[in-house]
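Quick one: this structure, given as structure tokens, is what I'll be asking you about.
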């Protein structure tokens, strides 16, 4: 098989730390690829006024597969303040480059597996009958609609008159009619039938392929009737093609409560953008936190794979680095799955599982230590040491 070309986007902060050892793991498992660096992130916002330069867009369009580290995002006023002086007062507005990529390439399917590794001291435990301690096996995969909803970017502060006219046409807006426009901030939550069909359809296909017994629509249709209602109605319709898979319906607030009651009951969960973000982070907390949380952003022509943790810039300059690389490595496994290299992906996952179960090599978060230069003195292993342990198992 000829080499593939992978666009690598370290981004900001610890993205620059976790991506290089991940590529070493991919090399060790025998994945043949050329890696092309691409610029993205805060540095390019500050000096170019664009955190997602056109040259990076062109590389993704050409090669189709990206490995992404992490991104720094700041509120509108702070972002404007950090622009190069030559770029200020030119109407530039910071917009998250990962959100921009999702919308530009229609990366509408976000998949976030949350699976526990036996032996991980961060795994969720609970009390069972007679004071026993139970450690349920969590194996939940969240399908998050990635391009619509509250992350669609259709919003206003001090909305213009044509927007106000449209809002005033809705009877519920009378509660806000007396508020001066300058004191209004409006964000929309837009769902389309096409996007609902695709995210729910892909969730059922995944459940069928990998043997999950249920697909749960996690929304709030009793209150957000139109958008959540569309997602639920889509689930009911598509489930008819999969009689062996149950359709469950949970409200996002109740789901977060049940998270720590019976997480082992849930297989595949589908949600819109915001609720999917919330529930996936909740489940990630049961299986080790963001150090184990991986994700895929998949469109019809481009796919980008990333850990769900942030850039944590305060850890970037530590030498040696201490951050946990497993989320990034698991994201690379999802890339391998997507590229038809499932056998290699499973080898890496088994190597990670073996390292965790053995219990000799722990990152600082697995030891529940505060991040900092002294974490290694307290028994934690460095980023490169954790990756090296995985490589040794391979």
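Is at least one residue of region 40-49 within 20 Å of the chain's Cα centre (by Cα), within 21 Å of residue 16 (Cα to Cα) and surrounded by fewer than 21 Cβ atoms within 10 Å (Cβ to Cβ)?
No, every residue in region 40-49 fails to be within 20 Å of the chain's Cα centre (by Cα), within 21 Å of residue 16 (Cα to Cα) and surrounded by fewer than 21 Cβ atoms within 10 Å (Cβ to Cβ).
How many of the residues making up region 294-328 are at pLDDT 95 or above and in contact with a strand residue (DSSP E or B) (Cβ under 8 Å, 6 or more places away or on another chain)?
Result for region 294-328: 14.
Each row is one residue, and each column tells you yes or no for (1) under 30 Å from residue 41 (Cα atoms); (2) in contact with a helix residue (DSSP H, G or I) (Cβ under 7 Å, 6 or more places away or on another chain); (3) buried (at least 16 other Cβ atoms within 10 Å of the Cβ); (4) modelled with pLDDT of 95 or more.
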position: 78; (1), (2), (3), (4): yes, no, no, no
position: 85; (1), (2), (3), (4): yes, no, no, no
position: 92; (1), (2), (3), (4): yes, no, no, no
position: 102; (1), (2), (3), (4): yes, no, yes, no
position: 108; (1), (2), (3), (4): yes, yes, yes, yes
position: 112; (1), (2), (3), (4): yes, yes, yes, yes
position: 115; (1), (2), (3), (4): yes, no, yes, yes
position: 118; (1), (2), (3), (4): no, yes, no, yes
position: 124; (1), (2), (3), (4): no, yes, yes, yes
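Restricting attention to region 249-257, does a residue exist that is surrounded by 15 or more Cβ atoms within 10 Å (Cβ to Cβ), assigned by TED's automatic domain parsing to the domain that holds residue 144 and over 21 Å from residue 190 (Cα atoms)?
For region 249-257, residues surrounded by 15 or more Cβ atoms within 10 Å (Cβ to Cβ), assigned by TED's automatic domain parsing to the domain that holds residue 144 and over 21 Å from residue 190 (Cα atoms): present.
Further question on the same structure: Quick one: in region 211-229, of everything that is assigned to a helix (DSSP H, G or I) and in contact (Cβ under 8 Å) with a residue 24 or more places away in the chain, which residue is farthest from residue 270 (Cα to Cα)?
227
Name, by its number, the condition in (1) more than 20 Å from residue 336 (Cβ to Cβ); (2) surrounded by 18 or more Cβ atoms within 10 Å (Cβ to Cβ); (3) modelled with pLDDT of 95 or more that does not hold for residue 58.
Evaluating residue 58 over (1) more than 20 Å from residue 336 (Cβ to Cβ); (2) surrounded by 18 or more Cβ atoms within 10 Å (Cβ to Cβ); (3) modelled with pLDDT of 95 or more leaves (2) as the failure.
Let me ask something else. Hey, does region 366-386 have a residue that's out of contact with any strand residue (DSSP E or B) (no Cβ under 9 Å at 6 or more places or on another chain), under 25 Å from residue 142 (Cα atoms) and buried (at least 22 other Cβ atoms within 10 Å of the Cβ)?
yes
Of the residues in region 291-325, how many are surrounded by 17 or more Cβ atoms within 10 Å (Cβ to Cβ), under 18 Å from the mean Cα position of the chain (by Cα) and not in a strand (DSSP E or B)?
Total meeting the criteria: 12.
Now for a different question. Within region 133-167, how many residues are part of a strand (DSSP E or B) and within 18 Å of the chain's Cα centre (by Cα)?
8
The values are calculated or read from the model by the stated rules, or taken from the named source; none is laboratory data. Computed from a predicted model, the values in this text were never measured in an experiment. Neighbour counts are summed over all protein chains in view; Cβ atoms, including those assigned to glycine, are modelled from backbone coordinates with ideal geometry.
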